[in-house]
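Below is one structure, written out as structure tokens, with a few remarks after it.
Values in this text are rule-based calculations from the coordinates and carry no lab data. It should be emphasised that the depicted structure is a prediction, and the values quoted were computed from it without experimental measurement. Using ideal geometry, Cβ is built from the backbone for each residue, glycine included, and neighbour counts are taken over all protein chains shown.
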């Protein structure tokens, strides 16, 4: 089938991409004894920000005090550095595959505004759920699966299982 | 060198964050080059027109699982030193369901939204911004969810123990399941009407 909008960009074979991602995950365990992550960096940034504005509030919160305040250094954290690396790596890939461009990607049937509202709400809901499950698709599901964590598998099944059903509810935004 | 090389003292802990940047770069490159900067490509899995998520995610999971078992078998990694995500059954399920809803609304997960930001996708930036609000709301209302957060605790339980089989045998079945899914995905993709994106 002919590609309708050829913009000179192309993608890596997904299995090759998966092997590279798997090697990154393997290296994380071999070198640092831990998996990859993403939402943890947001959690630490939020905790660090609240700690600057209201340190007493952090000390009194049974959630924040696990990550900020006291001897915790939430911004000098493995995940924060890893996330900066992810941004740099994606940027490099964008150069290699000619995909660098500021744009809102959305289905032609919806407006950019609607796409952005749902992106914001989706991020909000995802961020909330990732705290409850102690990690997101990378931190809980993928990294958990690599070390055969029962909880990691449960989280993975819950995320993908729900997304299959919920995607149908929001299908007008996508197809 | 028996891994993890940082905690076993072979490499100074000062290097840990430098490795974090390098590992993150490999991860970011893998995500973006596979197409995870595009929410419409990601969400294709749930409508059957593009299974890149299934292919990349499960390939990565089996590469890392098999890799760690081999490294452990050859005595190159001390499995007991690895961080194994502890199991809190209730919060893992409820949190996963909430994430699944957010996934289908926003079209990204936290890691893929970073890949999208790296190539300038504004929807990725907005998704990432939304996460800060969600994390803040959870943290502020933690007392409401505290009981659920700690309930169903089973420690760092491994899935092969649940089935009463060895880690190697479980991983073997995982590979079979993944290969089955890859063929299934290819079959479904052929049947589903192509969506242009």
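Dividing the summed helix terms, -39500 (n - 2.57) for each DSSP H run of n ≥ 4, by the number of residues in chain B produces a 222 nm estimate of -22000 deg cm²/dmol to the nearest 500.
If each DSSP helix of 4+ residues adds -39,500 (n - 2.57) and the sum is divided by the residues in chain A, what number results at 222 nm, nearest 500 deg cm²/dmol? Computed ellipticity for chain A at 222 nm equals -18500 deg cm²/dmol. Note on chain A: Rg/Rh from Cα positions, Kirkwood definition for Rh, rounded to two decimals, is 1.00.
The C-alpha atoms of chain A define a longest principal axis, and helix A:150-169 lies at about 50 degrees to it.
Helix A:78-96 axis versus longest C-alpha principal axis of chain A: approximately 20°, rounded to the nearest ten. Over chain B, all Cα pairs binned in 10 Å intervals from 0 give whole-percent P(r) values of 7, 23, 34, 29, 6, 0, listed from short to long. Mind checking the angle between helix A:14-27 and chain A's longest principal axis? C-alpha axes, 0 to 90 degrees, to the nearest 10. Its long axis makes an angle of about 20 degrees.
Peptide B:156-166 shows a mean partner chain C-beta count of 3 within 10 Å per residue C-beta.
Residue by residue along B:10-23, Cβ atoms of other protein chains within 10 Å of the local Cβ number 6 on average. Taking only the Cα atoms of the range B:86-157, the radius of gyration and Dmax are 14.4, 41 Å.
Counting only Cα atoms, the size of the range A:57-117 along its three principal axes is 48, 31, 12 Å, in decreasing order. Taking other C-beta atoms within 10 angstrom as a stand-in for reagent exposure, B:37, A:112, A:61, B:65 fall in the order A:112, A:61, B:65, B:37, fewest first.
Per 10 Å bin, what is the whole-percent P(r) computed from every C-alpha pair distance within the range B:106-197? Bins of 10 Å from zero give 12, 18, 27, 33, 10 percent of pairs. Among B:133, A:159, the ranking by other beta carbons within 10 Å of each residue's beta carbon, starting with the fewest, stands as B:133, A:159. Below 8 Å between Cα atoms, with a sequence gap of 6+, how large is the relative contact order for chain B in percent? Here the relative contact order equals 30 percent. Report, as a whole number in µm² per second, the diffusion coefficient that Stokes-Einstein gives for the range B:146-197 at 25 °C and 0.890 mPa s using the Kirkwood radius over alpha carbon pairs. In µm²/s, the coefficient is 168.
Calculate the translational D of the protein assembly as shown in whole µm² s⁻¹ from Stokes-Einstein, where the hydrodynamic radius comes from the Kirkwood formula applied to all Cα pairs, the temperature is 4 °C and the viscosity 1.567 mPa s.
The calculation lands on 63 µm²/s.
For the range A:103-175, the extents of the C-alpha atoms along the principal axes are 41, 20, 19 Å, listed from largest to smallest.
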